[in-house]
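Working notes, structure below.
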Amino acid sequence: MLWKNRKFGEESPHIPAGPFKIRLPFIHYRFEWPDYVQGLLMCAVDLSAIPILVELLGMPFEVALAIVVLNGLFYLLHHLLGDPTVPGWITPAIPLITLYCSQFPEGPERVHSLIAFQMTLGILSLVLGATGLAAKVVGLIPPAMKSGIILGAGLAAVISVFQIGGRFESFPWTITIAIGIAFYLLFSKHFSKFQHKNRFWGLIGKLGIFPVILLAVIIAPIFGEAAWPSIEWGFSAPDFVTLWNEYTIFGLGFPPIMMFITALPTVLAAYIVLFGDVLQTKALVEDGAAVRVDEKVDYSPSRAHLIFGIRNSAMSILGPDVTMCGPIWSAMQVVMVERFKKGRKAMDSFFGGIGSFRWGTNTGLFLLPIVSLVEPILGVALASTMLIQGYVSVKVGILEARSQTDLGVAGIIGAILCIKGAAWAFAAGIILCLLIYGKNFFKGEVDNTFTKDQQNGKGDLNVDGKNDEERELLNV
(Lines give C-alpha, C1' and ligand atoms only; values in the text may rest on other atoms or scores of the structure.)
Protein backbone atom coordinates (compact mmCIF):
# COMPACT_ATOMS: atom_id res chain seq x y z
CA MET A 1 0.00 0.00 0.00
CA LEU A 2 2.10 2.84 -1.33
CA TRP A 3 -0.32 5.52 -0.14
CA LYS A 4 0.84 5.03 3.45
CA ASN A 5 4.34 6.16 2.51
CA ARG A 6 3.39 9.60 1.24
CA LYS A 7 5.51 12.29 2.89
CA PHE A 8 4.32 15.74 3.89
CA GLY A 9 3.98 18.08 0.91
CA GLU A 10 4.42 15.37 -1.73
CA GLU A 11 2.02 14.17 -4.40
CA SER A 12 0.19 10.93 -3.73
CA PRO A 13 2.00 7.87 -5.21
CA HIS A 14 1.44 7.24 -8.92
CA ILE A 15 2.87 5.62 -12.04
CA PRO A 16 4.16 8.26 -14.52
CA ALA A 17 2.77 7.74 -18.03
CA GLY A 18 3.54 10.75 -20.23
CA PRO A 19 1.02 13.50 -19.41
CA PHE A 20 -0.87 11.09 -17.13
CA LYS A 21 -0.28 9.91 -13.57
CA ILE A 22 -1.85 6.50 -12.99
CA ARG A 23 -3.32 5.80 -9.54
CA LEU A 24 -5.02 2.55 -8.54
CA PRO A 25 -7.37 2.07 -5.56
CA PHE A 26 -5.96 0.55 -2.36
CA ILE A 27 -2.43 0.78 -3.85
CA HIS A 28 -1.89 4.45 -4.65
CA TYR A 29 -4.72 5.88 -2.55
CA ARG A 30 -6.73 4.87 0.50
CA PHE A 31 -10.27 3.83 -0.32
CA GLU A 32 -12.61 6.31 1.39
CA TRP A 33 -15.76 4.46 2.43
CA PRO A 34 -17.82 7.57 3.36
CA ASP A 35 -17.36 8.90 -0.18
CA TYR A 36 -18.11 5.49 -1.69
CA VAL A 37 -21.43 5.27 0.20
CA GLN A 38 -22.34 8.80 -0.84
CA GLY A 39 -21.62 7.81 -4.44
CA LEU A 40 -24.03 4.87 -4.17
CA LEU A 41 -26.84 7.33 -3.49
CA MET A 42 -25.76 10.18 -5.77
CA CYS A 43 -25.90 7.93 -8.84
CA ALA A 44 -29.52 9.13 -8.95
CA VAL A 45 -28.27 12.32 -10.60
CA ASP A 46 -26.44 10.32 -13.30
CA LEU A 47 -29.68 8.41 -13.94
CA SER A 48 -31.56 11.66 -14.60
CA ALA A 49 -29.94 11.72 -18.06
CA ILE A 50 -32.25 8.87 -19.07
CA PRO A 51 -35.39 11.02 -19.71
CA ILE A 52 -33.48 13.19 -22.20
CA LEU A 53 -32.18 10.19 -24.12
CA VAL A 54 -35.62 8.58 -24.17
CA GLU A 55 -37.33 11.75 -25.40
CA LEU A 56 -34.72 12.90 -27.93
CA LEU A 57 -33.71 9.56 -29.46
CA GLY A 58 -36.80 7.48 -28.69
CA MET A 59 -34.75 4.72 -27.09
CA PRO A 60 -36.04 2.28 -24.46
CA PHE A 61 -35.18 2.84 -20.78
CA GLU A 62 -32.72 -0.08 -20.66
CA VAL A 63 -30.82 1.25 -23.69
CA ALA A 64 -30.56 4.71 -22.15
CA LEU A 65 -29.36 3.05 -18.94
CA ALA A 66 -26.60 1.36 -20.95
CA ILE A 67 -25.36 4.80 -22.08
CA VAL A 68 -25.41 6.09 -18.50
CA VAL A 69 -23.42 3.03 -17.37
CA LEU A 70 -20.82 3.54 -20.12
CA ASN A 71 -20.52 7.21 -19.24
CA GLY A 72 -20.08 6.22 -15.59
CA LEU A 73 -17.22 3.87 -16.40
CA PHE A 74 -15.45 6.62 -18.35
CA TYR A 75 -15.85 8.95 -15.34
CA LEU A 76 -13.25 6.77 -13.63
CA LEU A 77 -10.57 7.80 -16.15
CA HIS A 78 -10.11 11.21 -14.54
CA HIS A 79 -8.80 10.17 -11.16
CA LEU A 80 -7.14 7.01 -12.52
CA LEU A 81 -5.08 9.14 -14.94
CA GLY A 82 -4.25 11.95 -12.52
CA ASP A 83 -6.99 14.57 -12.97
CA PRO A 84 -8.12 15.75 -9.49
CA THR A 85 -11.80 16.27 -10.22
CA VAL A 86 -15.25 14.75 -9.98
CA PRO A 87 -16.22 14.74 -13.68
CA GLY A 88 -19.76 15.24 -14.91
CA TRP A 89 -21.89 16.53 -17.78
CA ILE A 90 -21.58 19.72 -19.80
CA THR A 91 -24.91 20.66 -18.27
CA PRO A 92 -25.47 24.17 -19.74
CA ALA A 93 -24.90 22.80 -23.24
CA ILE A 94 -27.64 20.15 -23.00
CA PRO A 95 -30.46 22.45 -24.25
CA LEU A 96 -28.24 23.65 -27.12
CA ILE A 97 -27.42 20.09 -28.16
CA THR A 98 -31.07 19.05 -27.85
CA LEU A 99 -32.13 22.01 -30.01
CA TYR A 100 -29.47 21.17 -32.61
CA CYS A 101 -30.32 17.47 -32.83
CA SER A 102 -34.07 18.16 -32.92
CA GLN A 103 -33.59 19.78 -36.33
CA PHE A 104 -33.12 16.28 -37.73
CA PRO A 105 -35.90 13.67 -38.06
CA GLU A 106 -36.11 11.18 -35.20
CA GLY A 107 -34.38 7.94 -36.07
CA PRO A 108 -30.99 7.19 -37.67
CA GLU A 109 -30.49 10.76 -38.93
CA ARG A 110 -30.91 12.28 -35.46
CA VAL A 111 -28.60 9.68 -33.93
CA HIS A 112 -26.02 10.46 -36.62
CA SER A 113 -26.23 14.18 -35.75
CA LEU A 114 -25.47 13.39 -32.10
CA ILE A 115 -22.60 11.06 -33.02
CA ALA A 116 -21.05 13.70 -35.28
CA PHE A 117 -21.45 16.38 -32.62
CA GLN A 118 -19.84 14.39 -29.80
CA MET A 119 -17.04 13.07 -31.99
CA THR A 120 -16.19 16.60 -33.18
CA LEU A 121 -16.17 17.90 -29.61
CA GLY A 122 -13.94 15.00 -28.54
CA ILE A 123 -11.43 15.54 -31.33
CA LEU A 124 -11.37 19.32 -30.71
CA SER A 125 -10.66 18.73 -27.01
CA LEU A 126 -7.88 16.25 -27.80
CA VAL A 127 -6.20 18.65 -30.22
CA LEU A 128 -6.40 21.59 -27.82
CA GLY A 129 -5.17 19.44 -24.93
CA ALA A 130 -2.23 18.06 -26.89
CA THR A 131 -1.16 21.50 -28.17
CA GLY A 132 -2.03 23.54 -25.09
CA LEU A 133 -3.95 26.04 -27.25
CA ALA A 134 -7.22 25.95 -25.30
CA ALA A 135 -6.81 29.36 -23.63
CA LYS A 136 -5.68 31.00 -26.88
CA VAL A 137 -8.69 29.70 -28.83
CA VAL A 138 -11.16 30.94 -26.23
CA GLY A 139 -9.22 34.22 -25.98
CA LEU A 140 -9.94 34.93 -29.66
CA ILE A 141 -13.68 35.16 -28.93
CA PRO A 142 -14.86 38.68 -27.96
CA PRO A 143 -16.08 39.02 -24.35
CA ALA A 144 -19.57 40.04 -25.53
CA MET A 145 -19.91 36.81 -27.52
CA LYS A 146 -18.61 34.63 -24.68
CA SER A 147 -21.03 36.35 -22.35
CA GLY A 148 -23.91 35.82 -24.79
CA ILE A 149 -23.16 32.13 -25.34
CA ILE A 150 -22.96 31.29 -21.64
CA LEU A 151 -25.93 33.51 -20.79
CA GLY A 152 -27.96 31.94 -23.61
CA ALA A 153 -27.05 28.44 -22.42
CA GLY A 154 -28.37 29.32 -18.97
CA LEU A 155 -31.60 30.75 -20.35
CA ALA A 156 -32.04 27.71 -22.60
CA ALA A 157 -31.72 25.45 -19.55
CA VAL A 158 -34.56 27.29 -17.80
CA ILE A 159 -36.68 27.41 -20.96
CA SER A 160 -36.33 23.64 -21.41
CA VAL A 161 -38.13 23.13 -18.10
CA PHE A 162 -40.93 25.70 -18.48
CA GLN A 163 -41.67 25.60 -22.22
CA ILE A 164 -44.90 24.05 -23.52
CA GLY A 165 -44.50 20.30 -23.14
CA GLY A 166 -41.60 20.81 -20.69
CA ARG A 167 -41.19 18.88 -17.46
CA PHE A 168 -42.85 21.57 -15.36
CA GLU A 169 -46.19 20.64 -16.91
CA SER A 170 -45.80 17.05 -15.69
CA PHE A 171 -44.49 17.89 -12.19
CA PRO A 172 -45.63 21.47 -11.35
CA TRP A 173 -45.93 21.05 -7.57
CA THR A 174 -42.95 18.74 -7.17
CA ILE A 175 -40.59 20.93 -9.18
CA THR A 176 -41.79 24.10 -7.43
CA ILE A 177 -41.19 22.67 -3.96
CA ALA A 178 -38.01 20.78 -4.88
CA ILE A 179 -36.29 23.65 -6.66
CA GLY A 180 -37.30 26.11 -3.94
CA ILE A 181 -35.61 23.95 -1.31
CA ALA A 182 -32.63 23.31 -3.60
CA PHE A 183 -32.02 27.02 -4.14
CA TYR A 184 -32.23 27.61 -0.39
CA LEU A 185 -29.74 24.84 0.38
CA LEU A 186 -27.29 25.81 -2.36
CA PHE A 187 -27.46 29.59 -2.67
CA SER A 188 -28.98 31.07 0.50
CA LYS A 189 -26.58 33.06 2.67
CA HIS A 190 -28.88 32.32 5.61
CA PHE A 191 -28.48 28.55 5.19
CA SER A 192 -24.75 28.93 4.50
CA LYS A 193 -24.31 30.45 7.97
CA PHE A 194 -26.81 28.07 9.57
CA GLN A 195 -25.13 24.88 8.34
CA HIS A 196 -21.86 25.81 10.02
CA LYS A 197 -23.59 25.89 13.40
CA ASN A 198 -25.28 22.49 13.19
CA ARG A 199 -23.71 19.18 12.17
CA PHE A 200 -26.91 17.72 10.75
CA TRP A 201 -27.61 20.69 8.50
CA GLY A 202 -23.94 20.80 7.62
CA LEU A 203 -24.24 17.24 6.32
CA ILE A 204 -27.37 18.13 4.36
CA GLY A 205 -25.57 21.08 2.80
CA LYS A 206 -22.70 18.88 1.63
CA LEU A 207 -24.95 16.41 -0.18
CA GLY A 208 -25.72 18.81 -3.03
CA ILE A 209 -29.13 18.15 -4.56
CA PHE A 210 -29.43 14.56 -3.33
CA PRO A 211 -31.72 15.48 -0.36
CA VAL A 212 -33.98 17.25 -2.86
CA ILE A 213 -34.17 14.14 -5.05
CA LEU A 214 -35.13 11.99 -2.05
CA LEU A 215 -37.77 14.53 -1.09
CA ALA A 216 -39.16 14.46 -4.64
CA VAL A 217 -39.65 10.69 -4.33
CA ILE A 218 -42.20 11.46 -1.57
CA ILE A 219 -43.68 14.74 -2.84
CA ALA A 220 -44.50 13.61 -6.39
CA PRO A 221 -46.83 10.73 -5.37
CA ILE A 222 -48.52 12.89 -2.69
CA PHE A 223 -49.51 15.42 -5.38
CA GLY A 224 -50.41 12.67 -7.84
CA GLU A 225 -47.62 13.64 -10.25
CA ALA A 226 -45.82 10.29 -10.16
CA ALA A 227 -46.39 6.79 -8.86
CA TRP A 228 -44.93 5.59 -5.58
CA PRO A 229 -41.69 3.79 -6.38
CA SER A 230 -41.96 0.04 -6.73
CA ILE A 231 -38.72 -1.16 -5.18
CA GLU A 232 -37.20 -4.08 -7.09
CA TRP A 233 -34.36 -6.27 -5.89
CA GLY A 234 -31.43 -7.56 -7.85
CA PHE A 235 -29.29 -5.92 -10.46
CA SER A 236 -30.17 -3.55 -13.31
CA ALA A 237 -30.01 -4.83 -16.88
CA PRO A 238 -28.60 -2.22 -19.30
CA ASP A 239 -29.23 -3.25 -22.92
CA PHE A 240 -25.88 -2.91 -24.68
CA VAL A 241 -26.87 -5.15 -27.61
CA THR A 242 -29.72 -2.90 -28.77
CA LEU A 243 -27.59 0.16 -28.11
CA TRP A 244 -24.80 -0.97 -30.41
CA ASN A 245 -27.10 -2.38 -33.08
CA GLU A 246 -29.48 0.57 -33.39
CA TYR A 247 -27.83 3.69 -31.94
CA THR A 248 -24.13 3.57 -32.85
CA ILE A 249 -21.94 3.51 -35.95
CA PHE A 250 -21.77 -0.30 -35.62
CA GLY A 251 -25.41 -0.58 -36.66
CA LEU A 252 -26.05 2.73 -38.45
CA GLY A 253 -22.74 3.36 -40.19
CA PHE A 254 -20.63 6.52 -40.10
CA PRO A 255 -22.43 9.93 -40.20
CA PRO A 256 -22.20 11.97 -43.42
CA ILE A 257 -19.32 14.47 -43.45
CA MET A 258 -21.83 17.33 -43.82
CA MET A 259 -23.14 16.60 -40.34
CA PHE A 260 -19.70 17.27 -38.86
CA ILE A 261 -19.61 20.64 -40.65
CA THR A 262 -23.11 21.72 -39.58
CA ALA A 263 -22.30 20.77 -35.98
CA LEU A 264 -19.29 23.12 -35.72
CA PRO A 265 -21.07 26.29 -34.43
CA THR A 266 -22.87 24.40 -31.67
CA VAL A 267 -19.69 22.46 -30.83
CA LEU A 268 -17.84 25.77 -30.39
CA ALA A 269 -20.65 27.09 -28.18
CA ALA A 270 -20.48 23.93 -26.06
CA TYR A 271 -16.71 24.27 -25.84
CA ILE A 272 -16.93 27.84 -24.56
CA VAL A 273 -19.14 26.59 -21.71
CA LEU A 274 -16.78 23.65 -21.16
CA PHE A 275 -13.73 25.90 -20.91
CA GLY A 276 -15.47 27.86 -18.17
CA ASP A 277 -15.84 24.58 -16.27
CA VAL A 278 -12.09 23.97 -16.63
CA LEU A 279 -11.35 27.36 -15.04
CA GLN A 280 -13.80 26.62 -12.24
CA THR A 281 -12.12 23.26 -11.59
CA LYS A 282 -8.73 24.96 -11.31
CA ALA A 283 -10.10 27.47 -8.80
CA LEU A 284 -11.71 24.79 -6.62
CA VAL A 285 -8.62 22.56 -6.60
CA GLU A 286 -6.42 25.50 -5.61
CA ASP A 287 -8.90 26.40 -2.87
CA GLY A 288 -8.53 22.94 -1.31
CA ALA A 289 -4.76 22.76 -1.84
CA ALA A 290 -4.27 26.05 0.02
CA VAL A 291 -5.60 24.37 3.18
CA ARG A 292 -4.18 20.86 2.72
CA VAL A 293 -0.49 21.69 2.28
CA ASP A 294 0.38 18.10 3.27
CA GLU A 295 -0.53 16.86 -0.23
CA LYS A 296 0.52 18.47 -3.49
CA VAL A 297 -2.44 18.29 -5.88
CA ASP A 298 -1.44 18.83 -9.49
CA TYR A 299 -4.17 20.08 -11.83
CA SER A 300 -3.31 20.38 -15.52
CA PRO A 301 -5.91 21.86 -17.92
CA SER A 302 -4.14 20.14 -20.83
CA ARG A 303 -4.37 16.74 -19.15
CA ALA A 304 -8.03 17.39 -18.37
CA HIS A 305 -8.64 18.20 -22.05
CA LEU A 306 -7.01 14.94 -23.10
CA ILE A 307 -9.14 12.89 -20.72
CA PHE A 308 -12.56 14.38 -21.51
CA GLY A 309 -11.49 14.42 -25.16
CA ILE A 310 -10.95 10.65 -24.92
CA ARG A 311 -14.30 10.25 -23.15
CA ASN A 312 -16.29 12.17 -25.74
CA SER A 313 -14.55 10.48 -28.66
CA ALA A 314 -15.10 7.01 -27.20
CA MET A 315 -18.73 7.68 -26.21
CA SER A 316 -19.53 8.95 -29.71
CA ILE A 317 -18.61 5.47 -30.95
CA LEU A 318 -19.88 3.26 -28.12
CA GLY A 319 -22.94 5.17 -26.94
CA PRO A 320 -23.61 8.79 -28.01
CA ASP A 321 -24.77 10.84 -25.04
CA VAL A 322 -26.75 14.10 -25.07
CA THR A 323 -25.25 15.23 -21.76
CA MET A 324 -21.72 15.06 -23.20
CA CYS A 325 -18.59 14.34 -21.12
CA GLY A 326 -17.56 17.40 -19.14
CA PRO A 327 -14.61 18.21 -16.87
CA ILE A 328 -16.49 18.73 -13.59
CA TRP A 329 -19.61 18.00 -11.54
CA SER A 330 -19.49 21.32 -9.72
CA ALA A 331 -21.67 20.52 -6.71
CA MET A 332 -19.82 17.30 -5.87
CA GLN A 333 -16.40 18.85 -6.53
CA VAL A 334 -17.24 21.41 -3.84
CA VAL A 335 -18.35 18.63 -1.45
CA MET A 336 -15.10 16.71 -2.04
CA VAL A 337 -12.95 19.81 -1.57
CA GLU A 338 -14.67 20.66 1.70
CA ARG A 339 -14.12 17.13 3.05
CA PHE A 340 -10.52 17.25 1.86
CA LYS A 341 -9.98 20.44 3.87
CA LYS A 342 -10.82 18.61 7.11
CA GLY A 343 -7.44 16.92 7.16
CA ARG A 344 -5.71 13.66 6.42
CA LYS A 345 -7.76 11.66 8.91
CA ALA A 346 -10.98 12.64 7.16
CA MET A 347 -9.60 12.11 3.63
CA ASP A 348 -6.04 10.84 3.28
CA SER A 349 -5.71 11.94 -0.35
CA PHE A 350 -7.94 13.98 -2.63
CA PHE A 351 -7.67 11.22 -5.22
CA GLY A 352 -8.94 8.73 -2.65
CA GLY A 353 -12.04 10.85 -2.07
CA ILE A 354 -12.98 11.54 -5.68
CA GLY A 355 -12.03 8.04 -6.79
CA SER A 356 -14.06 6.31 -4.07
CA PHE A 357 -17.04 8.54 -4.88
CA ARG A 358 -16.99 7.61 -8.57
CA TRP A 359 -16.55 3.91 -7.78
CA GLY A 360 -19.67 4.33 -5.64
CA THR A 361 -21.78 5.94 -8.37
CA ASN A 362 -20.80 3.16 -10.76
CA THR A 363 -21.83 0.51 -8.25
CA GLY A 364 -25.16 2.25 -7.65
CA LEU A 365 -26.06 2.16 -11.34
CA PHE A 366 -26.13 -1.65 -11.17
CA LEU A 367 -28.22 -1.88 -7.99
CA LEU A 368 -31.87 -2.26 -8.95
CA PRO A 369 -33.26 -1.01 -5.58
CA ILE A 370 -31.59 2.37 -6.14
CA VAL A 371 -32.54 2.57 -9.83
CA SER A 372 -36.18 1.60 -9.16
CA LEU A 373 -36.43 4.03 -6.22
CA VAL A 374 -35.67 7.13 -8.30
CA GLU A 375 -37.07 6.02 -11.67
CA PRO A 376 -40.51 7.72 -11.22
CA ILE A 377 -38.97 11.15 -10.52
CA LEU A 378 -36.00 11.22 -12.90
CA GLY A 379 -37.74 14.07 -14.76
CA VAL A 380 -37.77 16.11 -11.55
CA ALA A 381 -34.09 15.38 -10.92
CA LEU A 382 -33.24 16.55 -14.42
CA ALA A 383 -35.40 19.69 -14.14
CA SER A 384 -33.75 20.59 -10.83
CA THR A 385 -30.30 20.11 -12.35
CA MET A 386 -31.20 22.30 -15.35
CA LEU A 387 -32.65 25.12 -13.24
CA ILE A 388 -29.66 25.17 -10.88
CA GLN A 389 -27.28 25.19 -13.84
CA GLY A 390 -29.36 27.92 -15.48
CA TYR A 391 -28.92 30.10 -12.40
CA VAL A 392 -25.16 29.56 -12.36
CA SER A 393 -24.71 30.05 -16.12
CA VAL A 394 -26.63 33.33 -16.15
CA LYS A 395 -24.38 34.68 -13.37
CA VAL A 396 -21.20 33.48 -15.08
CA GLY A 397 -22.38 34.78 -18.45
CA ILE A 398 -23.05 38.26 -17.11
CA LEU A 399 -19.68 38.35 -15.35
CA GLU A 400 -17.95 37.55 -18.67
CA ALA A 401 -19.10 40.94 -19.99
CA ARG A 402 -16.85 43.95 -19.45
CA SER A 403 -19.26 46.77 -20.18
CA GLN A 404 -22.93 47.66 -20.49
CA THR A 405 -22.55 47.50 -24.27
CA ASP A 406 -21.25 43.93 -23.92
CA LEU A 407 -24.34 43.09 -21.87
CA GLY A 408 -26.65 44.45 -24.57
CA VAL A 409 -24.91 42.44 -27.28
CA ALA A 410 -24.87 39.38 -25.02
CA GLY A 411 -28.63 39.65 -24.47
CA ILE A 412 -29.28 39.60 -28.22
CA ILE A 413 -26.90 36.66 -28.75
CA GLY A 414 -28.41 34.73 -25.84
CA ALA A 415 -31.97 35.18 -27.09
CA ILE A 416 -31.07 34.13 -30.64
CA LEU A 417 -29.17 31.12 -29.28
CA CYS A 418 -32.26 29.90 -27.41
CA ILE A 419 -34.55 30.29 -30.42
CA LYS A 420 -32.46 29.70 -33.55
CA GLY A 421 -29.40 27.81 -32.30
CA ALA A 422 -25.65 28.41 -32.13
CA ALA A 423 -24.98 29.11 -35.83
CA TRP A 424 -27.41 32.06 -35.88
CA ALA A 425 -26.12 33.28 -32.51
CA PHE A 426 -22.49 33.33 -33.67
CA ALA A 427 -23.45 35.10 -36.90
CA ALA A 428 -25.41 37.76 -35.00
CA GLY A 429 -22.58 38.18 -32.49
CA ILE A 430 -19.94 38.67 -35.18
CA ILE A 431 -22.05 41.25 -37.01
CA LEU A 432 -22.94 43.20 -33.85
CA CYS A 433 -19.35 43.25 -32.55
CA LEU A 434 -18.07 44.43 -35.95
CA LEU A 435 -20.69 47.17 -36.16
CA ILE A 436 -20.28 48.37 -32.57
CA TYR A 437 -16.58 47.81 -31.83
CA GLY A 438 -15.02 47.95 -35.32
CA LYS A 439 -11.25 47.61 -35.06
CA ASN A 440 -11.65 46.74 -31.35
CA PHE A 441 -13.62 43.62 -32.33
CA PHE A 442 -11.58 41.30 -30.09
CA LYS A 443 -11.11 43.72 -27.19
CA GLY A 444 -14.52 45.33 -26.85
CA GLU A 445 -14.57 47.96 -24.13
CA VAL A 446 -14.31 48.26 -20.35
CA ASP A 447 -16.56 50.82 -18.63
CA ASN A 448 -16.10 49.69 -14.99
CA THR A 449 -19.75 48.63 -14.70
CA PHE A 450 -18.71 45.73 -12.49
CA THR A 451 -16.45 47.79 -10.21
CA LYS A 452 -18.51 50.95 -9.65
CA ASP A 453 -20.21 49.56 -6.52
CA GLN A 454 -16.81 48.80 -4.97
CA GLN A 455 -15.66 52.32 -5.79
CA ASN A 456 -18.74 53.67 -4.02
CA GLY A 457 -17.89 51.70 -0.90
CA LYS A 458 -20.19 48.76 -1.61
CA GLY A 459 -19.27 45.12 -2.16
CA ASP A 460 -16.10 45.40 -0.06
CA LEU A 461 -13.40 42.89 -0.86
CA ASN A 462 -12.61 40.18 1.66
CA VAL A 463 -9.09 39.43 2.82
CA ASP A 464 -8.54 37.01 -0.05
CA GLY A 465 -9.41 39.66 -2.64
CA LYS A 466 -12.79 38.17 -3.58
CA ASN A 467 -16.11 39.88 -2.97
CA ASP A 468 -19.16 37.98 -1.70
CA GLU A 469 -20.61 37.39 -5.18
CA GLU A 470 -17.35 35.85 -6.44
CA ARG A 471 -17.20 33.59 -3.39
CA GLU A 472 -20.77 32.40 -3.96
CA LEU A 473 -20.00 31.66 -7.60
CA LEU A 474 -17.01 29.49 -6.65
CA ASN A 475 -19.11 27.63 -4.05
CA VAL A 476 -21.65 26.62 -6.72
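Quick check: anything in the range 17-38 polar (S, T, N, Q), in a helix (DSSP H, G or I) and over 21 Å from H305 (Cα atoms)?
Yes - at least one qualifying residue is present in the range 17-38.
Check off (1) over 15 Å from the mean Cα position of the chain (by Cα); (2) under 30 Å from I204 (Cα atoms); (3) of a type in the set (A, V, I, L, M, F, W, C) for C325 and give me the number that stays unchecked.
The one condition C325 does not meet is (1).
How about the range 401-424: which of its residues are in contact with a Gly (Cβ under 8 Å, 6 or more places away or on another chain) and open to solvent by 60 Å² or more (accessible area, probe 1.4 Å)?
Selection gives R402, I412.
Condition first: open to solvent by less than 50 Å² (accessible area, probe 1.4 Å) and in contact with a helix residue (DSSP H, G or I) (Cβ under 6 Å, 6 or more places away or on another chain). Now tell me which residues in the range 1-24 satisfy that.
Scanning the range 1-24 gives S12, P13, R23.
If I164 satisfies every condition in (1) among the hydrophobic types (A, V, I, L, M, F, W, C); (2) crowded, with 17+ Cβ neighbours inside 10 Å; (3) in a loop (DSSP other than H, G, I, E, B) but one, which is the exception?
(2)
Looking at (1) open to solvent by less than 10 Å² (accessible area, probe 1.4 Å); (2) closer than 30 Å to H14 by Cα, which is the one condition that is false for V334?
(1)
Quick one: what pairs do we get from the range 117-136, first residue over 15 Å from L264 (Cα atoms), second basic (K, R), C-beta under 8 Å, 6+ apart or different chains?
G129/R303
If P211 meets every condition in (1) open to solvent by less than 60 Å² (accessible area, probe 1.4 Å); (2) free of Cβ contacts under 8 Å to residues at least 24 places away in the same chain; (3) not hydrophobic (A, V, I, L, M, F, W, C) apart from one, which number is that one?
(2) is the only condition that P211 fails.
Just name the residue that is surrounded by the most Cβ atoms within 10 Å (Cβ to Cβ) out of those in the range 51-66 that are touching a residue at least 24 places away in the same chain (Cβ under 8 Å) and of a type in the set (V, I, T).
V63
How do the helices (runs of 4 or more DSSP H) wholly within the range 337-417 filter down when requiring 1 or more residues that are over 22 Å from L65 (Cα atoms): which remain?
350-365, 378-400
Taking the condition of being under 27 Å from R311 (Cβ atoms), under 21 Å from the mean Cα position of the chain (by Cα) and polar (S, T, N, Q), how many residues in the range 122-176 meet it?
2
Yes or no: the range 39-50 includes at least one residue that is modelled with pLDDT under 95, open to solvent by 20 Å² or more (accessible area, probe 1.4 Å) and at negative phi.
Yes: the range 39-50 contains one or more residues that are modelled with pLDDT under 95, open to solvent by 20 Å² or more (accessible area, probe 1.4 Å) and at negative phi.
Quick check on the range 214-243: of everything there that is open to solvent by less than 70 Å² (accessible area, probe 1.4 Å) and among the charged types (D, E, K, R), which residue is nearest to I370 (Cα to Cα)?
Of everything passing the filter in the range 214-243, D239 is nearest to I370 (Cα to Cα).
Scan the range 282-331 for residues that are basic (K, R), surrounded by fewer than 23 Cβ atoms within 10 Å (Cβ to Cβ) and in a helix (DSSP H, G or I) and report the count.
Count: 2.
Look at the range 189-208 and say how many of its residues are farther than 19 Å from L373 by Cα and surrounded by 13 or more Cβ atoms within 10 Å (Cβ to Cβ).
Number of matching residues: 9.
Since R311 meets every condition but one in (1) charged (D, E, K, R); (2) in contact with a Lys or Arg (Cβ under 7 Å, 6 or more places away or on another chain); (3) closer than 19 Å to A263 by Cα, which condition does it not meet?
Answer for R311: the failing condition is (2).
Would a scan of the range 52-61 turn up a residue that is of a type in the set (G, A, S) and on the phi > 0 side of the Ramachandran plot?
Yes, the range 52-61 contains at least one residue that is of a type in the set (G, A, S) and on the phi > 0 side of the Ramachandran plot.
Collect the residues in the range 171-182 that are open to solvent by less than 70 Å² (accessible area, probe 1.4 Å) and within 26 Å of I419 (Cβ to Cβ), keeping them in residue-number order.
Result: F171, P172, I175, I179.
Restricting to the range 25-35, and then to whatever is open to solvent by 40 Å² or more (accessible area, probe 1.4 Å) and within 25 Å of I204 (Cβ to Cβ), can you tell me which residue is modelled with the highest pLDDT?
Checking each candidate, the answer is W33.
May I ask you to list the residues in the range 425-452 that are within 23 Å of I94 (Cα to Cα), among the small types (G, A, S) and buried (at least 16 other Cβ atoms within 10 Å of the Cβ)?
Answer for the range 425-452, where residues must be within 23 Å of I94 (Cα to Cα), among the small types (G, A, S) and buried (at least 16 other Cβ atoms within 10 Å of the Cβ): A425, A428, G429.
Pick from the range 73-95 the residues that are modelled with pLDDT under 90 and open to solvent by 10 Å² or more (accessible area, probe 1.4 Å): which of them is farthest from G288 (Cα to Cα)?
P95
The values are calculated or read from the model by the stated rules, or taken from the named source; none is laboratory data. All of these numbers come straight from a predicted model, not from anything done at the bench. FYI the Cβ positions are ideal-geometry reconstructions off the backbone, even for glycines, and counts take in every protein chain you see. With ligands, DNA and RNA removed, areas are computed over all heavy atoms of the protein, side chains included. Shrake-Rupley method; radii C 1.70, N 1.55, O 1.52, S 1.80 Å.
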